[in-house]
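Just so it is clear, none of the values below were taken in a lab; they were calculated from the coordinates. Predicted model only: the values in this text are computed from it and were never measured. Neighbour counts are summed over all protein chains in view; Cβ atoms, including those assigned to glycine, are modelled from backbone coordinates with ideal geometry.
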Amino acid sequence: MDEKLPPMSMYRILDFLEEEGLVHKLKLANRYVACMHITCDHQHEVPQFLICNECFRVEETAISKAMLDSLKGNVKKVGFELVSPQLEINCVCGDCR
Ligand SMILES: [Zn+2]
Ligand SMILES: [Zn+2]
Ligand SMILES: [Zn+2]
């Protein structure tokens with residue numbers, strides 16, 4: 001079984017997984033990460049990703065409703081509209097610090 005999937009179908013699978021909320025696509029890091037809440041019952045909050053600049057480790061945390069509202073307010077103020085509230089933040093992790 002060393003038959004390789006054509007790249008396009010790989011993207012389609014990832015797109016599907018993203019729609020299902022099983023993976024998240026990180027634009028900044030240009031990669032996918034598995035959702036940390038796949039096995040949770042609670043509702044998935046708006047994810048926020050902390051990305052280590054050194055080792056590219058990703059931590060998924062959730063942004064609070066209040067923070068999201070204030071973010072939306074800021075976006076509206078300058079006449080923009082929020083398309084995706086997913087936040088990707090440049091960090092340095094504990095191991096790399
Ligand atoms: Zn998630
Ligand atoms: Zn959870
Ligand atoms: Zn690191």
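Considered as a group, the residues in the stretch 1-33 that are in contact (Cβ under 8 Å) with a residue 40 or more places away in the chain and in a loop (DSSP other than H, G, I, E, B) include one that is surrounded by the most Cβ atoms within 10 Å (Cβ to Cβ), and that residue is A29. When the stretch 32-70 is filtered for residues that are within 16 Å of ligand 3 (Cβ to nearest atom) and either under 21 Å from E81 (Cβ atoms) or of a type in the set (A, V, I, L, M, F, W, C) (or both), the ones remaining, listed by number, are V33, F49, L50, I51, C52, C55, F56, V58.
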